[in-house]
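Right, one structure below, let's go through it.
Every read-out reported here was derived from the displayed coordinates using simple, explicitly stated rules and does not represent laboratory data. Please read these numbers as outputs of a predicted model, since none were measured by experiment. So basically every Cβ, Gly included, is an ideal-geometry build from the backbone, and we count neighbours across all protein chains shown.
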Amino acid sequence: MQHHKHCVQRTAISLPKRILEITDEYVFLREQPGILAPYACLSHCWGLDGPAVKLTAETFGRLRDGFKTSDLPKTFGDAVEVCRHLGIYYIWIDALCETF
Amino acid sequence: MGDIYENSHITIAATASQDSSGGLFSADRAVVRCLLDKHPHLYVRKQPEYFPTRPYNTVPISMPLLTRAWVYQERRLSHRTIHYGKHQVYWECQTDFASEDSREDKTWNKHATHPDTPDDLDWGDKCVDHKIDWQKTVTEYTMLRLTYESDRLLAIAAIVDRMLRLQRVDDVYIAGLWKNSILSDLPWVTTTNKPRPARMAPSWSWASAQSSAVSWASYEFTKEAKVVSLEYTIVGAANLGEVINASIILMVPVLDLTGLVELDPAKIEGPGLRERFEDISKSAPITARFRQNNLKVFSTFFFPDYDLTTANPPLKIGCTIKLLILRGPKGYIGGIVVQKTSKNPPEYKRIGFLNITPTATKPEMLGKNDEDLTRDYDSMEDYRKRRAEGRDSLILSLPMEEVKIV
C-alpha cells in the first residue's frame, strides 16, 4: 500500500462531527470530538425496514453513554470487531451518526 | 456526507448482506472440497461469481450492496474498501483491486484515453478527459437501484461536490450535466416505458428519465453546432444541480420529421409508438434525401426517454417533431428527437433519441436488390469511407436551425 501513489496515506484526520468510539465492549457516540485519528466507515444495505437501531431522540442517550456492542445489529457489531483487529478506534455508521 | 467517506482510513463494506442483521462474515466456504481419495492434497472449488467491475456486468445475487445507487458514491469516494463477500474478501482501492483467491486481481488504468464508449472502462479506471469521466460515472450510477426516485440527483451529489472542488472548479453543474461540456453531455441515450416524473429537471437532462440506465454512445454534434444560450436558475446547493426555468437554445443541423411519424391516436399503442418513429426511414422524403447522398437506410432504432403515450401536450397528428442531428461512430447518423410544445414562443421538449444506420450505395445500384452491400467497392475501407462521406454530405445539406429546448 505504501507504493500506491494514488491512494491517500493520511492517518491523522479530523473526525466527523459525530462518530462512534470503540472500547472493549461498548461503543460511545462522540459529538464534535475535535481530535485527529483514523476512522473507518461502514457501507451497508439498509434493507426494507432499515436497521433495528438508529440514532433518534430515544436512542441518543444510550448511544452517548455507551451502547453494548453485542446489542448492535449484527453487521454493525461485526464492523466494530474488524476495527478492533485493525487497531482503528473510531467508526462512522450512517444510521448511528446521522439523525433519522 | 461525501467527505466522510473521502476522509475515512478504510471503508468496511457489508457486500453480501441484504440488511444490517446479516453481518459481515460468511460461513459459506464449503464450496472447497477434497474429492479424490488418492489425492488428499487436491481440493476442488466451485467457481465463485465474478465481482462486477463494469456497468453491464450482472451483479451476483450474493452481492446486494452493489445494486444500491446510494452506495455508488460511498465506493467511489472511499480511498480503500474491504468487501465482505459470501465466498471471499475483496480489496478495492484507488490503485488496485484484489480478491482473496487472487483470480480477479487488477490494477486500474489511471490515464484511460478515448475509449469507444465509457462502458468500455473498468470500475476503477480514471479518464484523462473529465467529460468521459463524468459520462462513465452516470452510466455506472444509473444502472443501480434507488428506493426513492426523487433521490436521482441527490445520491450522486457527493461525487459532484468532489469534482467541483478538484476537477471542474470553473464549471457549473446543471441538472446532471456540465456547462463547459454541455454539447457532449446532451446526447445521452436511455430506453424506458415509464412516465416522466414530476421533477425539476429539464427534458434535455438525463435526470428527467425515470429509473432507467443512461449511457453515451459516442454521438456528437457537428463542429458547426453551437449553444446560442443556456438559461437556468439554480435552487439549492451547487452540487445538487436542481434548476428551475432551465432552457437551452441550440443552433444545429435539423431534419424535420413533422408529418413523417404516424401519430394518429387510433393507431398508437404504447409499444407501437416506437415503431412509428422507426418507420420514418421508409418515408419518401427521407429515402430521397439519403439517395441524394448515395446512402440507403439499413436500420433505424428509436429510444424513448419516457412513456410517450403520457406526453403532455399529447403526441398527435400535426405535432411538430424535429431531429437534432448528431454524428455517430462508423458513419452512423443519429439525433435527439424533440417535440414542439409551445408555438409562441417556439419551445421544444426532448422525447427520445434516434439512431439511423446507413449503407453506402452507388447511384447505378439504387433501387436494386443488394444482398452484398460491399461488393461494388474495392475494399471494406473504401465502403466505410464512402458511407462516412455520404453521411457527412447529408448532414451538410440540412438546414441549420435555432431550437429552444426546455
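So here's what we get for this one:
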| quantity | calculated |
| --- | --- |
| Dipole of region B:2-144, positive end: most advanced residue of B:S99, B:G124, B:A112 [Cβ charges, Cα centre] | B:S99 |
| Kirkwood hydrodynamic radius (C-alpha pairs) into Stokes-Einstein, region B:184-302, 4 °C and 1.567 mPa s, D in µm²/s | 75 µm²/s |
| For B:Y56, B:Y383, order by how many other beta-carbon atoms lie within 10 Å, fewest first | B:Y56, B:Y383 |
| Averaged over A:71-83, number of beta-carbon atoms from partner chains that fall within 10 Å | 5 |
| Least to most buried among A:C41, B:C34 (fewest other Cβ within 10 Å first) | B:C34, A:C41 |
| Long-range amide H partners of B:G259 with built H, under 5 Å | B:G318, B:I321 |
| Region B:124-202 - percent relative contact order, Cα under 8 Å, separation 6 or more | 24 percent |
| In Hz, Karplus ³J(HN,Hα) per residue of region B:316-323 (6.51, -1.76, 1.60; θ = phi - 60°; x = Gly, Pro) | 8, 4, x, 5, 8, 10, 10, 10 |
| Fraction of beta bridges assigned by DSSP in region B:2-144 that are antiparallel (%, nearest 5) | 75 percent |
| Relative exposure of A:F28, A:F76, B:F221, judged by other C-beta atoms within 10 Å (fewest first) | A:F28, B:F221, A:F76 |
| Nearby aspartates and glutamates by direct alpha-carbon distance to A:K5 (threshold 13 angstrom, same-chain neighbours under 8 apart not counted) | B:D96 |
| Candidates B:L144, B:L273, B:L35: whichever shows maximal mean-square fluctuation once chain B is modelled as a Gaussian network with Cα springs under 10 Å | B:L35 |
| Relative counts (whole %) of C-alpha pair distances in the protein assembly as shown, using bins that are 20 Å wide | 20, 45, 28, 7, 0 |
| Placed amide H near B:R80: partners under 5 Å, 5+ positions off or other chain | B:T11 |
| Whole-percent pair-distance distribution, where bins are 5 Å wide, for the alpha carbons of chain A | 2, 13, 23, 24, 18, 10, 5, 3, 1, 0 |
| Distance (nanometres) between label positions extended 7 Å along Cα→Cβ at B:R54 and B:V128 | 2.2 nm |
| Sites B:K316 and B:L36, calculated FRET efficiency, Cβ-Cβ separation with R0 51 Å, nearest 0.05 | 0.10 |
| For B:F298, distant residues with modelled amide H under 5 Å away | B:T357, B:T359 |
| Over chain B: Kirkwood hydrodynamic radius from C-alpha pairwise inverse distances, Å | 23.7 Å |
| Helix-only [θ]222 nm of the protein assembly as shown, DSSP H runs n ≥ 4, -39500 (n - 2.57) each, per residue, nearest 500 | -6000 deg cm²/dmol |
| For chain B, built as a Gaussian network whose Cα springs stay under 10 Å, the top-fluctuating residue of B:P55, B:P329, B:P304 | B:P329 |
| Top of B:E74, B:E220, B:E149 by mean-square fluctuation, Gaussian network on chain B, Cα under 10 Å | B:E149 |
| FRET efficiency for B:L398 and A:H4, using Cβ-Cβ distance with R0 set to 60 Å, rounded to 0.05 | 0.70 |
| Under 25 Å from the Cα of A:K17 - lysines, other chains or at least 8 residues apart | A:K54, A:K68, A:K74 |
| Cross-link pairs B:K136/B:K226; B:K362/B:K404; B:K179/B:K316; B:K110/B:K179; B:K340/B:K385; B:K179/B:K362 - those with Cα-Cα distance over 32 Å | B:K362/B:K404; B:K179/B:K316; B:K340/B:K385; B:K179/B:K362 |
| Pairwise centroid distance, computed over Cα atoms, of region B:176-215 with region A:26-100, Å | 37 Å |
